[in-house]
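Participant: Have a look at this one before I ask anything.
What follows is calculated from the coordinates using simple rules that are stated; it is not laboratory data. Just so you know, these numbers come straight off a predicted model, no measurement behind them. Methodologically, a virtual Cβ is constructed for each residue, glycine included, from the backbone with ideal geometry; neighbour enumeration extends over all protein chains shown.
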Amino acid sequence: MDAKPLPKSDDGPVTGRPTVAVHKFTSCDGCQLAFLNLGDDLLTLAGLVDIRHFAEAGMVDPEAQVDIAFVEGSITTPDEYERIRRIRASSRFLVALGACATAGGLQALRNLNGLTQEWMAGIYATPAYIRTLETSTAISTHVKVDLELWGCPVNGRQVLGAVRALLFGVLPEREHDKVCLECKRERAVCVMVARGIPCMGPVTLSGCGALCPRFGRDCYACYGPAENANTAALGRRLAGLGLPPEAAAHRFHFINNGAPAFLEAGRRAAEGGFDDG
């Protein structure tokens, strides 16, 4: 969408500082910590905007009308479905924050097998009290999202960049590089080429600073599928490194399993691979 400058609204100029809310849905709170871990930058941010709701930081007003609403977590319960609709109606910009909000997160793994009373009874002593939807899905499945910040978790740079851009009335520039390019910029040795370790870097969006490969570990695809991700080529490479179909499928069906590119790639891997190109 074309962003509208925040100093104005459909009803005229906004008086005072732009308003912000941070909402939590089904998630681990890790992306909210991207705010809290900003340190001095959080104090600077608090001087630029009026934070109306951020329960983890002590401000509680979930029904507040705001200019920017950050939403962490996936939609997993009937109550969350109703609440996200109210938040969308009461905010000018809605920003999906992190893997759970953008792709359903780890909890979306249950979508692959279906919700059954058997496994609920095996986990919960009183499953009759569990109120949940059949699936766990991204925010954009239910309401219009103006901006998605991918990552598990997101980082402070992303959050500050998004707020800064929206305050100037534009959407922030999106990352387009893959993790492999970040590895090169960070002068990290390729773990897949040099050590034969299966790695998701060739199909994963950059933004993490190539954290895992810089420490000799493979990429876990925390930041979701990159633009034009060649999942078929990577799938064949994973097979060449000795991964059986189920293990290759798990690589795609992990943190961002609900992202269409990874969802389809995982299904193809589980069905026998990518020999058809």
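Participant: Can you compute the helix-only [θ] at 222 nm over the chain? Use -39500 (n - 2.57) per DSSP H run of at least 4 residues, normalise by all residues, nearest 500 deg cm²/dmol.
Facilitator: Rounded to the nearest 500, the figure is -9000 deg cm²/dmol.
Participant: Stokes-Einstein D for the range 8-167 at 25 °C, 0.890 mPa s, Kirkwood Rh over Cα pairs, in µm²/s?
Facilitator: 149 µm²/s
Participant: Moving to a separate point now. Could you tell me how far the Cα centroid of the range 148-190 sits from the Cα centroid of the range 237-277, in Å?
Facilitator: If you average the Cα positions of each part, the centres end up 25 Å apart.
Participant: Hey, got the dipole for the chain? About the Cα centre, +1 on K and R Cβ, -1 on D and E Cβ, debye to the nearest 20?
Facilitator: 540 debye
Participant: How many percent of Cα pairs in the range 131-277 exceed 24 Å?
Facilitator: 37 percent
Participant: Okay, moving on. Once the dipole of the chain is set up with Lys and Arg at +1 and Asp and Glu at -1 on Cβ about the Cα centre, which of CYS219, GLY258, HIS53 lies farthest towards its positive end?
Facilitator: The residue sitting most towards the positive pole is CYS219.
Participant: I'd like the projected area of the chain, averaged over all directions, using the convex hull of its alpha carbons. Report it in nm² with one decimal.
Facilitator: 16.5 nm²
Participant: Between the helical axis of 156-167 and the dominant principal axis of the chain, each derived from Cα atoms, what acute angle in degrees is found, rounded to the nearest 10?
Facilitator: Approximately 40 degrees, to the nearest ten.
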